[in-house]
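Reading through the structure tokens given below for one structure.
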Amino acid sequence: MNVLVIGGGNMGMTYAEAIAKSNFLTSGSLMIFDKSQEKQAELRANGLFDVHECLDTCLPEADVVLIAVKPVHAAALMDEMKPMVSSEQLFVSIMAGVTIDTIQQGVGTNKVVRAMPNLPALVGLGMTSFTASAHVSRLELAAIEQLLDTTGRSIGLTSESEIDASTGISGSGPAYIFYFMQAMMDAAWKMGFSKADARLLVGQTFAGAVELFNSSTLSPEDWMAKVASKGGTTRAALDSMDDNNVNALIQEAAYAAFHRAEELGKQTEGKEATHG
Ligand SMILES: NC(=O)c1ccc[n+]([C@@H]2O[C@H](COP(=O)([O-])OP(=O)(O)OC[C@H]3O[C@@H](n4cnc5c(N)ncnc54)[C@H](OP(=O)(O)O)[C@@H]3O)[C@@H](O)[C@H]2O)c1
């Protein structure tokens, strides 16, 4: 199988490196194309994949094409690809909010997988949700799942609406965690800790809690019950959060991201992928 990654930015580079370092391509080649010459030089220095200067030399050779450009560049890229695309090629898009239909129309072919990764893909701990057009076979989808898993874990969903919903949970989710971390660091500074100590206290607390959560089947509520005893310090903090409706507010925030993902998808369909 020949894989072509288009766009060598944060995400494209992450996928290309992860694929190159995995066992995914036991045979075939990994190609990458970015329109910027500066980026091409950077990619070449990496030495892990075939770097191409134009689409003509790589697109016709590709069995799988991973599109990793910003949504705002999607329409121009798809226009350029369209005359060179064959119906056997499978397109995987990680572009936020760009629908399967937009890609099918844009490149003039049917086999499309839409995936929504998240930022921890950069360190191999990504959570990617994906869904496919009906034209992608089970075998092809299993291969794409393996490809996506090179950057972490993935979940196959049955509709694009679920992709929008997963955007509100795992796609945008890392920022909610950072928000919470920032609030805890702000509290630590106010209590008199240095920035370095606050960073250590908060970072290691998050890492430890996540490790505990992933090491068992206990729910977050079970873990809260384990750590909070009646009349104790943790109970005081959890009671304060409950009194302030923090749980409901976080859910509201996740829904805001979900609805925004839906809106962006609609705008993109209307404008043929022109938002950023
Ligand atoms: N970052 C995330 O956490 C995240 C999460 C989920 C999904 N995504 C999606 O991942 C995609 C890529 O994001 P990113 O942060 O990696 O973007 P990025 O850093 O801007 O990388 C995109 C690269 O593609 C290049 N490019 C633009 N048009 C091109 C074309 N026609 N042909 C070839 N290369 C082209 C850009 O060059 P120029 O800089 O010269 O334009 C840039 O080097 C986006 O669609 C985003 O929605 C990102």
Using a 1.4 angstrom probe, figure out how much accessible area segment 115-257 has per residue, in square angstrom, rounded to the nearest whole.
65 Å²
Would you please give the residues with an amide H less than 5 Å from that of Ser129, counting only those at least 5 places away or on a separate chain, with H modeled from the backbone geometry?
Met116, Ile155
Considering only DSSP states other than H, G, I, E and B, which GluC sites (Glu not before Pro) in segment 9-53 qualify as loop sites with at most 15 other Cβ atoms within 10 Å?
Glu53
Given 4 °C and 1.567 mPa s, how large is the Stokes-Einstein diffusion coefficient of segment 113-196 in µm²/s, with Rh as the Kirkwood radius over Cα pairs?
90 µm²/s
Expressed in whole Å with the largest first, what are the equivalent ellipsoid semi-axes of segment 163-276 derived from the C-alpha gyration tensor as the square root of 5 times each eigenvalue?
33, 18, 14
Cα gyration tensor of segment 168-215, axes a ≥ b ≥ c as square roots of the eigenvalues: rounded (a/c below 1.5), prolate (a/b > b/c) or oblate?
oblate
What does the extension gain come out to for Val227 and Lys266, with contour length at 0.36 nm per residue minus their alpha carbon separation?
9.6 nm
In terms of the charge dipole of the chain, which places +1 on Lys and Arg and -1 on Asp and Glu at the beta carbon, the residue among Gln182, Phe193, Val51 farthest towards the positive end is Phe193
Pick from Gly28, Gly124, Gly265 the residue whose mean-square fluctuation is largest in a GNM of the chain, springs joining Cα atoms under 10 Å.
Gly28
Using modelled backbone amide H atoms (1.01 Å from N, in-plane), which distant-in-sequence or interchain residues come within less than 5 Å of Val92's amide H?
Val65, Leu66, Ile67, Val113
From the phi of every residue in segment 54-70, what ³J(HN,Hα) in whole Hz does the Karplus formula 6.51 cos²θ - 1.76 cosθ + 1.60 yield, where θ is phi - 60° and glycine or proline is x?
8, 5, 4, 8, 10, 4, x, 7, 8, 8, 10, 10, 9, 8, 10, 9, 5
Give me the aspartates and glutamates in straight-line cross-link reach of Lys230: C-alpha distance below 13 Å, same-chain residues under 8 apart excluded.
Asp239
With only Lys, Arg, Asp and Glu charged, each at its Cβ (+1 for the first two, -1 for the last two), find how big the charge dipole of segment 56-211 is about the Cα centre; round to the nearest 20 debye.
560 debye
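Got a number for carbon plus sulfur as a percent of the chain's accessible area, 1.4 Å probe?
Ligands and nucleic acids excluded, carbon and sulfur reach 56 percent.
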How much accessible area per residue does segment 55-104 have, counting only protein heavy atoms and a probe of 1.4 Å, in square angstrom?
38 Å²
For Thr234 the rounded accessible area (nearest 10 Å², probe 1.4 Å, non-protein molecules ignored) is 50 Å²
Could you pull out the chymotrypsin sites (Phe, Trp or Tyr not before Pro) across segment 197-275 that fall in loop regions by DSSP (anything but H, G, I, E, B) with no more than 13 other Cβ atoms inside 10 Å?
none
First check a/c for segment 26-66, with a ≥ b ≥ c the square roots of the eigenvalues of its C-alpha gyration tensor; if it is under 1.5, answer rounded, and if not, answer prolate when a/b is larger than b/c or oblate otherwise.
oblate
Let a ≥ b ≥ c be the square roots of the eigenvalues of the Cα gyration tensor of segment 1-125; is it rounded (a/c under 1.5), or, if not, prolate (a/b larger than b/c) or oblate?
rounded
With n ≥ 4 as the cut-off for DSSP H runs, can you work out [θ] at 222 nm for the chain, using -39500 (n - 2.57) per run divided by the number of residues, rounded to the nearest 500?
-16000 deg cm²/dmol
Can you give me the Rg/Rh ratio for the chain, using Cα atoms for both radii and the Kirkwood formula for Rh?
1.04
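The values are calculated or read from the model by the stated rules, or taken from the named source; none is laboratory data. Remember, it's a predicted structure, so these values are computed and weren't measured experimentally. Because the Cβ atoms are built from the backbone with ideal geometry, glycine has one as well, and the counts that use them run over all protein chains shown. For accessibility, only protein heavy atoms count, side chains too; no ligands or nucleic acids. Shrake-Rupley method; radii C 1.70, N 1.55, O 1.52, S 1.80 Å.
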